[in-house]
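Taken together, the values in this text are just the output of simple stated rules run on the coordinates, not laboratory data. Keep in mind it's a predicted model, so treat the numbers as computed, not measured. Every residue, glycine among them, receives a Cβ derived from its backbone with ideal geometry; neighbour counts consider all protein chains shown.
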Amino acid sequence: MKNDIDSILDALFSGGKLNVGSGTKSRAAKDAEDFLNSIEKTNANMQSSLNRQTSDLDKLTSDAQRSMDEMRRLLDAEKVPYVINHRLVRGLDYYTRTTFEIVSDQIGAQGTVAGGGG
């Protein structure tokens, strides 16, 4: 990470793009490194917190539970493999029940083929 920061700052401060002294460049490098370390720590803390959370499936209304059960029954009947991901969030302003994503590992980093909900 330090090498990346140094490369970015060298590109920024070289060639007259920014005319600053070496002290300013050193402070900028330290601030950038502190900032990136903070992001990494925050991300690790958030991931740890998410991993401790339990599924919200036990908090479904009876109507939502019936909808979820029917969706699972249909998928199972057709032998469609699925994974329940209680962290999936889509369209909170208009989806009121089950949401889904169809993903593929054959199309690159953006693996979502389709998504939606009810």
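Quick notes on this one:
- Among the GluC sites (Glu not before Pro) found in the range 23-112, those both in a DSSP coil and sparsely packed, with 16 or fewer other Cβ atoms within 10 Å of their Cβ, are Glu78.
- Residues with amide H under 5 Å from that of Thr98, placed H, sequence gap 5 or more: Gly118
- Computed over the Cα atoms of the range 68-118, pair by distinct pair, the Kirkwood hydrodynamic radius stands at 12.2 angstrom.
- Positive contributions from Lys and Arg (+1) and negative ones from Asp and Glu (-1), summed over other residues with Cβ under 14 Å from the Cβ of Gly111, come out at -2.
- Calculated log₁₀ intensity ratio I(q)/I(0) where the Debye formula runs over C-alpha points of the range 23-118, q = 0.14 Å⁻¹: -0.75
- Using a Förster distance of 30 Å, the FRET efficiency for Ile107-Leu36 (Cβ separation, nearest 0.05): 0.50
- In this simple spin-label approximation, Glu70 and Arg90 carry label points 7 Å from Cα along the Cα→Cβ vector, and these lie 1.8 nm apart.
- A simple rule links phi to the HN-Hα coupling: the Karplus curve 6.51 cos²θ - 1.76 cosθ + 1.60 with θ = phi - 60°, which for the range 104-118 gives 9, 9, 9, 10, x, 5, 8, x, 6, 8, 7, x, x, x, x Hz, with x for Gly and Pro.
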